[in-house]
Amino acid sequence: MDQTAFLIGFSVMAIASLVIYATGGKKFPSRHHTLMHASVPFIAATAYLAMALGVGNLTLDSGTVVYMARYADWSITTPLLLAGLVMLAFHEQGKPGEMGGFLTAIIVLDVMMIVTGLLSALAESAGTKWVWYLWSCAAFLGVVYLLWGPLRVMATERGTALAGAYAKNVTLLTVVWFIYPVVFLAGPEGLKIITDPSSIWAFLVLDIIAKVFYAFYAASNLEKALSQTRHTAGARI
Ligand code: RET
């Protein structure tokens, strides 16, 4: 049953990567978004293949299985998804060098969130598990703060159309991302309320929404905003 989920994950992600690239905008300024969104499921396909082949599936003394490939995947794909939002908030403008600072801060917080989440999964004692879990949540809140605070203000300066696209994308991303710590906590790495296969299926569904559905949603919001911006610019001339 786990094997089925991993193989579905591999196939869906591999196909999605191609479809996102084939259907995405290929001209400036959407091309870099297309490339970024196509690379995310490619990384996930690789991780699901590793899980299916049993590479990096670690069985702890407690019997809990920790899927290392999942954390490797998240530590690369979540920074990419965040980079997409930062690029949207700046949209080829802003003070030179300022975007680099935001990217660094948000990626550091995000990678710390994933790494300390892994430490929580690996910890054998309940106390240590909770320390890392809460530390990971603190990093997550830092990410959410940057997205909804300063970056949203930056997006507002890009005009109503782009600000609207940013608001839609950040809302979906935040809602979906908040479910990950809940599934983790309920699963075998946490309170063991749900079984290993249920948590695998739950993460599969979340991964498909956060990587594939989100890619199409974000691209369509961006394209709509860009055509609206061009329209308004055209009307002014
Ligand atoms: C963990 C456990 C510890 C607490 C927190 C977590 C958050 C994980 C998140 C993962 C998002 C993954 C995505 C993957 C797909 O591209 C590590 C589960 C806060 C937010 C979006």
- Query: What angle do you read, to the nearest 10 degrees and between 0 and 90, between the alpha-carbon axis of helix 2-23 and the longest principal axis of the chain?
  - Reply: 10
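Got a sec? What order do 27, 129 fall in by accessible area at 1.4 Å, biggest, i.e. largest, first? Write out the running numbers ahead of the final one.
Working: 27 160, 129 35 Å².
Solvent-accessible surface, decreasing: 27, 129.
Answer rounded, prolate or oblate for the stretch 93-232, using the Cα gyration tensor with square roots of eigenvalues a ≥ b ≥ c: rounded when a/c is under 1.5, else prolate when a/b is larger than b/c, else oblate.
Numbers: a/c = 3.48, a/b = 1.77, b/c = 1.96.
Since a/c reaches 1.5 but b/c is at least a/b, the shape of the stretch 93-232 is classed as oblate.
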- Could you give me the ³J(HN,Hα) list for the stretch 191-203, computed from phi with Karplus coefficients 6.51, -1.76, 1.60 and θ = phi - 60°, whole Hz, x at Gly and Pro? 7, 6, 7, 10, 7, 4, x, 5, 5, 4, 5, 4, 5
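How would 203, 213 line up by accessible area, probe 1.4 Å, largest first? Before the final figure, lay out the partial values.
Numbers: 203 5, 213 110 Å².
Order by accessible area, largest first: 213, 203.
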- Query: Residue separation times 0.36 nm, minus the C-alpha to C-alpha distance between residue 103 and residue 160: what's the value?
  - Reply: 18.2 nm
- Query: Out of the stretch 34-86, which chymotrypsin sites (Phe, Trp or Tyr not before Pro) are coil in DSSP terms and have no more than 14 other C-beta atoms within 10 Å?
  - Reply: none
- How much mean residue ellipticity at 222 nm does the chain get from its helices, if each DSSP H run of length 4 or more adds -39500 (n - 2.57) and you divide by all residues, to the nearest 500 deg cm²/dmol? -27000 deg cm²/dmol
- Note on the structure: If one builds a Gaussian network model of the chain from Cα atoms under 10 Å apart, the most fluctuating residue listed among 127, 97, 117 is 97
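Please work out whether the stretch 15-145 counts as rounded, prolate or oblate from its C-alpha gyration tensor, where a ≥ b ≥ c are the square roots of the eigenvalues and a/c under 1.5 means rounded, while otherwise a/b larger than b/c means prolate and anything else oblate? Spell out each step's value before the answer.
On the way: a/c = 4.15, a/b = 1.43, b/c = 2.90.
Oblate.
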- Query: Once both axes come from the Cα atoms, what is the angle between helix 160-186 and the longest principal axis of the chain, in degrees from 0 to 90, rounded to 10?
  - Reply: 0
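With a sphere of radius 14 Å drawn around the Cβ of residue 124, what net charge do the other residues whose Cβ falls strictly inside it have (Lys, Arg +1; Asp, Glu -1)? Write out the running numbers ahead of the final one.
Working: positive: 129, 192; negative: 61, 189.
Neighbourhood net charge equals 0.
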- Would you kindly find the accessible area of residue 102, with a 1.4 Å probe and non-protein molecules such as ligands, DNA and RNA excluded, rounding to the nearest 10 Å²? 30
- Provide the solvent-accessible area of residue 207, counting protein heavy atoms only and rolling a 1.4 Å probe, rounded to the nearest 10 Å². 0
- Message: Under 17 Å between alpha carbons: how many lysine pairs meet that in the stretch 2-236, if sequence neighbours fewer than 8 apart on the same chain are excluded?
- Response: 5
- Item | 10 Å Cβ shell holding at most 12 others, DSSP loop, GluC sites (Glu not before Pro): longest site-free stretch of the chain | 125-237
- Kindly provide log₁₀ I(q)/I(0) values, in the same order as q = 0.10 Å⁻¹, from the Debye equation applied to equal alpha-carbon scatterers of the chain. -0.49
- Round to the nearest 10 and give me the degree value, 0 to 90, for the angle of helix 126-148's Cα axis relative to the longest principal axis of the chain. 10
- Query: Hey, got the dipole for the chain? About the Cα centre, +1 on K and R Cβ, -1 on D and E Cβ, debye to the nearest 20?
  - Reply: 980
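The values are calculated or read from the model by the stated rules, or taken from the named source; none is laboratory data. The model shown is predicted, which means the values in this text are computed figures rather than measured ones. Neighbour counts are summed over all protein chains in view; Cβ atoms, including those assigned to glycine, are modelled from backbone coordinates with ideal geometry. For accessibility, only protein heavy atoms count, side chains too; no ligands or nucleic acids. Shrake-Rupley method; radii C 1.70, N 1.55, O 1.52, S 1.80 Å.
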